[in-house]
1. Being open to solvent by less than 70 Å² (accessible area, probe 1.4 Å), outside any helix (DSSP H, G or I) and among the β-branched types (Val, Ile, Thr) is the filter; apply it to the stretch 62-102 and report the residue that is nearest to Leu125 (Cα to Cα).
2. Exactly one of these conditions fails for Thr41: (1) farther than 25 Å from Leu121 by Cβ; (2) modelled with pLDDT under 90; (3) of a type in the set (S, T, N, Q); (4) in contact with a Lys or Arg (Cβ under 7 Å, 6 or more places away or on another chain). Give me its number.
3. Looking only at residues that are loosely packed, with under 13 Cβ neighbours inside 10 Å and among the β-branched types (Val, Ile, Thr) in the stretch 31-49, which one is nearest to Ala20 (Cα to Cα)?
4. Could you list all residues from the stretch 23-50 that are more than 24 Å from the chain's Cα centre (by Cα) and closer than 18 Å to Leu1 by Cβ?
5. Can we say Gly10 is free of Cβ contacts under 8 Å to residues at least 24 places away in the same chain, surrounded by 11 or more Cβ atoms within 10 Å (Cβ to Cβ) and assigned to a loop (DSSP other than H, G, I, E, B)?
6. Could you check the stretch 13-25 and list, in sequence order, the residues that are surrounded by 12 or more Cβ atoms within 10 Å (Cβ to Cβ), out of contact with any Pro (no Cβ under 8 Å at 6 or more places or on another chain) and not in a loop (DSSP other than H, G, I, E, B)?
7. Mind listing whichever residues of the stretch 86-104 are modelled with pLDDT of 85 or more and not aliphatic (A, V, I, L, M)?
8. Out of all the residues in the stretch 52-61, which are in contact (Cβ under 8 Å) with a residue 12 or more places away in the chain and either touching a Leu at 6+ places or on another chain (Cβ under 8 Å) or exposed (fewer than 14 other Cβ atoms within 10 Å of the Cβ) (or both)?
Amino acid sequence: LPGVFLERKGLTATVHYRGAEPAIAAALREAIALAMAGHPTLRVRQAILAWEILPRTGWSKGSAVRLLAGTMRITGLQIVCAGDDRTDEDMFAIRPDAVSIRVGQTRATRARYSASSPAELLRFLELLAPGSRFRSPQAPEILGQRV
């Protein structure tokens with residue numbers, strides 16, 4: 001459909017409708033609901049101009065952070081996570097000691113910091129890159145405002 005694309009993510013998929021006309025987005029939502037009715041092990045979650053199709057489990061982005069941090073034996077200050085969607089909030093909440101960054105308009109969030117745009121986040125991440133001359137525990141202070 002015009003303005004719609006499917007992002008395959010292995011066990012999940014996201015249907016993006018950023019470029020779709022409102023009528024197409026509404027019809028697509030109905031089609032997704034009908035298709036999902038036959039699959040009780042799957043669920044649909046609203047994201048920013050997208051629908052995520054996920055297994056019906058207790059897993060979330062926060063669960064993934066917990067698993068990776070435990071497997072890799074990393075501490076909170078070594079964890080950097082960023083996101084621009086309400087679906088990222090469970091990731092921010094799971095490790096309050098991590099460097100968590102809400103990207104975009106700051107509203108109620110569990111993130112510790114905010115970046116006004118993806119470009120601002122990129123500038124921050126470049127400072128953390130291996131080989132960077134600026135590798136400091138104070139790096140989060142360059143982000144816009146503290147949330």
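The values are calculated or read from the model by the stated rules, or taken from the named source; none is laboratory data. All values reported here derive from a predicted model rather than from experimental measurement. Reconstructed Cβ throughout: ideal geometry from the backbone, glycine too, with neighbour counts over all protein chains shown. Only protein heavy atoms, including side chains, enter the accessible area calculation; ligands, DNA and RNA are left aside. Shrake-Rupley method; radii C 1.70, N 1.55, O 1.52, S 1.80 Å.
1. Among them, the one singled out is Val80.
2. It fails just one condition, (2).
3. Only one residue fits best here, namely Ile48.
4. Within the stretch 23-50, the subset more than 24 Å from the chain's Cα centre (by Cα) is 23-24, 27, 30-31, 34-35, 37-40.
Result: Ala23, Ile24, Ala27, Glu30, Ala31, Leu34, Ala35.
5. On the way: free of Cβ contacts under 8 Å to residues at least 24 places away in the same chain: yes; surrounded by 11 or more Cβ atoms within 10 Å (Cβ to Cβ): no; assigned to a loop (DSSP other than H, G, I, E, B): yes.
So Gly10 fails the test.
6. Step one: filter the stretch 13-25 for residues surrounded by 12 or more Cβ atoms within 10 Å (Cβ to Cβ), giving 13-17, 19-21, 24-25.
Filter once more, keeping what is out of contact with any Pro (no Cβ under 8 Å at 6 or more places or on another chain): 13-17, 25.
Passing the criteria: Ala13, Thr14, Val15, His16, Ala25.
7. Listed by number, the residues that qualify are Asp88, Glu89, Asp90, Phe92, Ser100, Arg102, Gly104.
8. As a first pass, look at the stretch 52-61 and keep what is in contact (Cβ under 8 Å) with a residue 12 or more places away in the chain: 52-56, 60-61.
Answer for the stretch 52-61, where residues must be in contact (Cβ under 8 Å) with a residue 12 or more places away in the chain and either touching a Leu at 6+ places or on another chain (Cβ under 8 Å) or exposed (fewer than 14 other Cβ atoms within 10 Å of the Cβ) (or both): Ile53, Leu54, Pro55, Arg56.
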